[in-house]
Amino acid sequence: MNRTTMSRGGSNTLLSFETIAERMELPKRTLLDNYKSWDIPVVRISDRILRVRERDFEAWLDARTE
């Protein structure tokens with residue numbers, strides 16, 4: 001299934017914090033300072049590298065949309 005026909009649920013694509021910050025229209029530093037308290041589900045690649053599965057981000061965002 002290609003990206004243009006992907007359902008709203010997202011994919012297994014791992015997104016960087018830079019990409020997430022852009023989608024949320026906020027500074028990357030704000031995201032880095034708050035992702036734990038906001039309970040954004042992350043995948044730890046290494047001690048310094050965190051990513052977020054696209055589908056998990058979409059679900060997290062949908063749960064907070066009014």
Query - Calculated from backbone phi, Karplus (6.51, -1.76, 1.60) coupling profile of the range 53-60 in Hz, x at Gly/Pro - result: 5, 4, 5, 5, 5, 4, 5, 4
Report summary line: Long-range amide H partners of Val43, meaning residues 5 or more apart or on another chain whose placed amide H is closer than 5 Å, are Arg51, Val52, Arg53
Query raised in the report: Size of the dipole of the range 18-66 about the Cα centre, Lys and Arg at +1 and Asp and Glu at -1 on the beta carbon, nothing else charged, in debye to 20?
Result: 260
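Per the Cauchy relation, a quarter of the hull surface: what is the mean projected area of the convex hull of the alpha carbons in the range 26-66, in nm²? Display every interim value, and only then the final one.
Details: hull surface 13.1 nm².
Value for the range 26-66: 3.3 nm².
Here, each number is a calculation from the coordinates, and none is a lab measurement. Predicted model only: the values in this text are computed from it and were never measured. Every residue, glycine among them, receives a Cβ derived from its backbone with ideal geometry; neighbour counts consider all protein chains shown.
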